[in-house]
């Protein structure tokens, strides 16, 4: 399946791409459009773009929305959703101390990657590691 999101991926889009490849669509193909592009490419499932099915809802990030939309039940993924929520959205109080660091790391990955596909590949290593860490805690 083809998936589309805005270019210059950050923490939520990296997390969503990782979730898509691991739990939703292992053969996913990703494409990126400039911020605010209309219309979106036909035949691709858009995510983390305002106004589409898979986007922020009720103060939660798109990663959280995808867990609900695809009925994925995994307490570790729920915890990652909380961390990504706090890393991606404005928070007055952080309950997940790792959230600001995750945001910085994902931003650094984006800045040091030659393109968005590379950033997604590098980001997936971070989310694999986070999942593994939470699995043993």
Which numbered condition residue 49 fails, given (1) under 19 Å from residue 19 (Cβ atoms); (2) out of contact with any helix residue (DSSP H, G or I) (no Cβ under 7 Å at 6 or more places or on another chain); (3) part of a helix (DSSP H, G or I): (3)
Residue within region 117-131 that is more than 17 Å from residue 9 (Cβ to Cβ) and exposed (fewer than 15 other Cβ atoms within 10 Å of the Cβ) present: yes
Residue satisfying all of: in region 24-42; in contact with a strand residue (DSSP E or B) (Cβ under 6 Å, 6 or more places away or on another chain) and not in a strand (DSSP E or B); modelled with the highest pLDDT among these: 28
Meets criteria (under 19 Å from residue 134 (Cβ atoms) and in contact with a helix residue (DSSP H, G or I) (Cβ under 7 Å, 6 or more places away or on another chain)) for residue 94: yes
Region 100-124, subset over 16 Å from residue 30 (Cβ atoms) and over 13 Å from the mean Cα position of the chain (by Cα), residue modelled with the lowest pLDDT: 100
Among (1) over 20 Å from residue 110 (Cα atoms); (2) in contact with a strand residue (DSSP E or B) (Cβ under 8 Å, 6 or more places away or on another chain); (3) part of a helix (DSSP H, G or I), the one test that residue 76 misses: (2)
Enumeration of residues in region 56-73 that are in contact with a strand residue (DSSP E or B) (Cβ under 9 Å, 6 or more places away or on another chain) and crowded, with 17+ Cβ neighbours inside 10 Å: 62, 64, 65, 66
Count - residues of region 16-30 that are over 14 Å from the mean Cα position of the chain (by Cα) and either crowded, with 21+ Cβ neighbours inside 10 Å or farther than 20 Å from residue 131 by Cβ (or both): 2
Selection status of residue 88, free of Cβ contacts under 8 Å to residues at least 60 places away in the same chain, crowded, with 22+ Cβ neighbours inside 10 Å and within 13 Å of the chain's Cα centre (by Cα): no
Unmet criterion (only one of (1) under 23 Å from residue 2 (Cα atoms); (2) in a loop (DSSP other than H, G, I, E, B)) for residue 110: (2)
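The values are calculated or read from the model by the stated rules, or taken from the named source; none is laboratory data. Just so we're clear, the structure is a prediction, and the values are computed from it rather than from any experiment. Using ideal geometry, Cβ is built from the backbone for each residue, glycine included, and neighbour counts are taken over all protein chains shown.
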